[in-house]
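Engineer: This is the structure I want to talk about, given as structure tokens.
Read the figures in this text as sums done on the coordinates, not as results from a lab. These numbers come from a predicted model, not from an experiment. Cβ atoms come from the backbone with ideal geometry, glycine included; neighbour counts cover every protein chain shown.
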Amino acid sequence: TIIVEPTMATNADLLTHVSRLHDFSAIAFTSRAGISAFESAVSAAESPPLSSSGDDFIISALGKDAELLTPGFVSKICPNSDRVKLVVPPNSTPSGLAESLG
């Protein structure tokens, strides 16, 4: 078994993007490793990158990967869970993801 985990360098790189998350309207994850790395970086941030108010923010993942998008994960991104919309396409393919996101 090979386990892939985020490194300190990965976290540092992701933190630069996490701090600018408010500039985006959505994030789509294509792997469990990506979700885990993002969560690790967000956990290292001083506060959630999104404020409680603002436009809806979409978080998407494919298939069983979406099981990692828990309320705890969402709360690390935004203190107002009503602002965050989870999108899990019924067709777990990149094209299904694109269709679900519009």
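Engineer: Enumerate by residue number the GluC sites (Glu not before Pro) in the range 29-87 meeting two conditions: DSSP loop (anything except H, G, I, E, B), and at most 11 other Cβ atoms within 10 Å of the site's Cβ.
Structural biologist: GLU46
Engineer: Provide the three semi-axes, in whole Å and in decreasing order, of the ellipsoid equivalent to the range 32-92 as defined by the square roots of 5 times the Cα gyration tensor eigenvalues.
Structural biologist: 19, 15, 8
Engineer: Go from 0 up to the bin containing the longest alpha carbon distance in the chain, width 5 Å each, and give me the % of pairs per bin.
Structural biologist: P(r) for the chain, in whole percents per bin: 2, 13, 23, 24, 20, 12, 4, 1, 0.
Engineer: If you don't mind, another one. For the range 19-102, which trypsin sites (Lys or Arg not before Pro) pass both filters: DSSP loop (anything but H, G, I, E, B) and at most 11 other C-beta atoms within 10 Å?
Structural biologist: Listed in order of number, the matching sites are ARG20.
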